[in-house]
Amino acid sequence: PIESCAATAQQSCVPKPTLVLDDVDHELLALLQRDSGRTLRELGELVALSPSAVQRRIDRYRRHGVIARQVAVLDPRRLPAVLLAVCLVTLEHESVREHDAFRQRLLAAPEVQQVYDVSGEWDYVVVVACVGMAHHTAVADRLFNEAPNVRRYTTLFVLDPVRTGGALPTRQAVPDFS
């Protein structure tokens, strides 16, 4: 029952103490999320800070875990062999131990790009990236069909990755519909 996962769910929903961000921090983080390859000088010119002040802020973001890592983001439209799929998964048994075991299975798979523990009819949304259908079939078998606690899953194949990315808002933005 879901009641057995209440403590874990609550822990995930309670915000942890965070770094207080000013307007420059919000702007700098947005710039870094769009292109972290810019030089400190370029970033400084865009936010009206010296390169050393920009570096101090970036170091502070890293110390506080705001910047988790820096990666190169590949465009799936430029890699025609890549097959993206969204898998919806429901577990058979609800317990912290069962959820942890399933999560570890997913975290160990390099094809798994994103995992979300969700509310509603499904327990998890899992985004996988494979090279072709045969690879996807092998991954789905390994992750879902062979998993002892998966009740059911369904796969939604991505026909067109209209928008991909992982940029997170640091404050509420006003949409520009012009």
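The values are calculated or read from the model by the stated rules, or taken from the named source; none is laboratory data. On a predicted model such as this, the values are computed, not experimentally measured, just so you know. For neighbour counting, all protein chains shown are included, and Cβ atoms are generated from backbone atoms with ideal geometry for every residue, glycine included. Accessible surface areas use protein heavy atoms only, side chains included; no ligands, DNA or RNA. Shrake-Rupley method; radii C 1.70, N 1.55, O 1.52, S 1.80 Å.
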**Q.** Hits in the range 101-142 - residues which are farther than 13 Å from V86 by Cα and hydrophobic (A, V, I, L, M, F, W, C)
**A.** A101, F102, L106, L107, A108, A109, V118, V131, M133, A134, A138
Q) For residues in the range 1-57 being surrounded by 13 or more Cβ atoms within 10 Å (Cβ to Cβ) and polar (S, T, N, Q), which is modelled with the highest pLDDT? A) Q55
(Q) The conditions are (1) more than 28 Å from V162 (Cβ to Cβ); (2) at pLDDT 95 or above; (3) open to solvent by 40 Å² or more (accessible area, probe 1.4 Å); (4) within 18 Å of the chain's Cα centre (by Cα), and L107 fails exactly one of them. Which is it? (A) (1)
Q: List the strands (runs of 3 or more DSSP E) that sit entirely inside the range 112-178 and contain at least 2 residues that are within 26 Å of A72 (Cα to Cα) and open to solvent by 90 Å² or more (accessible area, probe 1.4 Å).
A: 112-117
Q) Pick from R63, R77: which is of a type outside the set (A, V, I, L, M, F, W, C) and free of Cβ contacts under 8 Å to residues at least 60 places away in the same chain? A) R63
Q: Scan A81, A72, A85 and give me the residue that is within 15 Å of the chain's Cα centre (by Cα) and over 30 Å from L21 (Cα atoms).
A: A85
**Q.** Residue satisfying all of: in the range 58-79; among the aliphatic types (A, V, I, L, M) and within 30 Å of V128 (Cβ to Cβ); least open to solvent (accessible area, probe 1.4 Å) among these
**A.** I67
**Q.** Filter result (hydrophobic (A, V, I, L, M, F, W, C) and over 15 Å from E111 (Cα atoms)) within the range 80-90
**A.** L88, V89
(Q) Give me the residue from the range 27-41 that is touching a residue at least 24 places away in the same chain (Cβ under 8 Å) and over 16 Å from R56 (Cβ atoms) and, out of that set, nearest to the chain's Cα centre (by Cα). (A) Q33
Q: Would you be able to say whether some residue in the range 82-103 is buried (at least 16 other Cβ atoms within 10 Å of the Cβ) and within 24 Å of D35 (Cα to Cα)?
A: yes
